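Engineer: This structure is in structure tokens; I'll ask about it shortly.
The values are calculated or read from the model by the stated rules, or taken from the named source; none is laboratory data. Treat the numbers as computed from the prediction; the structure is a model and nothing was measured. Note that each Cβ is placed from the backbone with ideal geometry, even for glycine, and that neighbours are counted across all protein chains shown. These area figures cover heavy atoms from the full protein model, side chains too; ligands, DNA and RNA do not enter into them. Shrake-Rupley method; radii C 1.70, N 1.55, O 1.52, S 1.80 Å.
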Amino acid sequence: RNTPTAMGNTPSLKKEIEDLEKKGVLTAALPGNFAGKEGKHVPKVEIKGDTAVVTVPHGMDAEHWIQSIWVRDQNDALLGSVKLAHTETPTLTVKLSSETTAVTAYDSCNLHGVWASEKIPVK
């Protein structure tokens, strides 16, 4: 598996993410029509010093994969994002500033929509 590289927050990428979020965001507590799929779709966040490491425990193949991952801070500012091919590992590492107090991770599955983690405090 290839490991993806975080992309810059270009205007076109920000628009793409905003369009995805407008379609609705699912969570572990509110999985919509996809109850039972939370375990493989809700992104996992681990804070390691001044970075947030996001992983998604989802299989990756040509028919069903995680298309993108992104992270927002406590003010909904986009901290980092990555677009993925089905051959890549669904992970993203984002550098956190000293002003970051919490992060929320998101991912987009090509079949099951956008999913978000809970807001994770940064200590």
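Engineer: Would you check the accessible area of residue 18, probe 1.4 Å, heavy atoms only, in square angstrom rounded to 10?
Structural biologist: About 90 Å², rounded to the nearest 10.
Engineer: 5 Å is the cut-off here: which amide hydrogens, built 1.01 Å from N in the peptide plane, fall below it relative to residue 103, excluding neighbours closer than 5 in sequence?
Structural biologist: Here the answer is 120, 122, since their amide H atoms fall under 5 Å of that of residue 103.
Engineer: Here's a follow-up. Stretch residue 35-residue 14 to full length: gain in nm at 0.36 nm per residue minus the Cα-Cα span?
Structural biologist: Extra length available between residue 35 and residue 14 comes to 4.7 nm.
Engineer: If you line up the Cα atoms of segment 17-123 on their principal axes, what length do they span on each, largest first, in Å?
Structural biologist: Cα spread of segment 17-123 along its principal axes, largest to smallest: 39, 28, 24 Å.
Engineer: Placing +1 at every Lys and Arg Cβ and -1 at every Asp and Glu Cβ, with all other atoms neutral, what dipole size does the chain have around its Cα centre, in debye to the nearest 20?
Structural biologist: For this selection, approximately 100 debye.
Engineer: Where does each of 106-113, 49-56 land if you order them by average Cβ count within 10 Å, highest first?
Structural biologist: Working: 106-113: 19.9, 49-56: 17.4.
Top of the packing list down: 106-113, 49-56.
Engineer: On the accessible surface of the chain, probed at 1.4 Å, how many percent belong to carbon and sulfur atoms?
Structural biologist: Values: 3510 of 6660 Å².
C and S atoms contribute 53 percent here.
Engineer: Next question, about the same structure. Could you report the chain's accessible area per residue, 1.4 Å probe, as an integer in Å²? Walk me through the numbers on the way to the answer.
Structural biologist: Values: 6660 Å² over 123 residues.
Per-residue value: 54 Å².
Engineer: Defining a contact as two alpha carbons under 8 Å apart and six or more residues distant in sequence, what relative contact order in percent does segment 1-118 show? Walk me through the numbers before you get to the answer.
Structural biologist: Details: 247 pairs, mean separation 40.4, N = 118.
About 34 percent, as a whole number.
Engineer: Sticking with this one: Please find, in a Gaussian network model of the chain (springs between Cα atoms separated by less than 10 Å), the residue of 37, 95, 22 whose mean-square fluctuation is greatest.
Structural biologist: Its mean-square fluctuation being the largest, the pick is 22.
Engineer: Order these peptides, 78-86, 61-69, by their mean beta-carbon neighbour count within 10 angstrom, highest first. Don't skip to the end; give the middle numbers.
Structural biologist: Details: 78-86: 18.6, 61-69: 16.7.
So the order, starting with the most tightly packed, is 78-86, 61-69.
Engineer: Still on this model: Rounded to the nearest 500, what is the chain's calculated 222 nm mean residue ellipticity when only DSSP H runs of at least 4 contribute -39500 (n - 2.57) each, over all residues? Spell out each step's value before the answer.
Structural biologist: On the way: 2 runs with 16 residues, N = 123.
Calculated mean residue ellipticity at 222 nm is -3500 deg cm²/dmol.
Engineer: Separation between the residue 111 and residue 22 pseudo-spin-labels, each 7 Å from Cα along Cα→Cβ, expressed in nm?
Structural biologist: Placing both labels 7 Å beyond Cα along the Cβ direction yields 2.7 nm.
Engineer: Quick one: net charge of residue 14's neighbours, Cβ under 12 Å, K/R +1, D/E -1?
Structural biologist: Working: positive: 15, 72; negative: 16, 18, 19, 21, 76.
That works out to -3.
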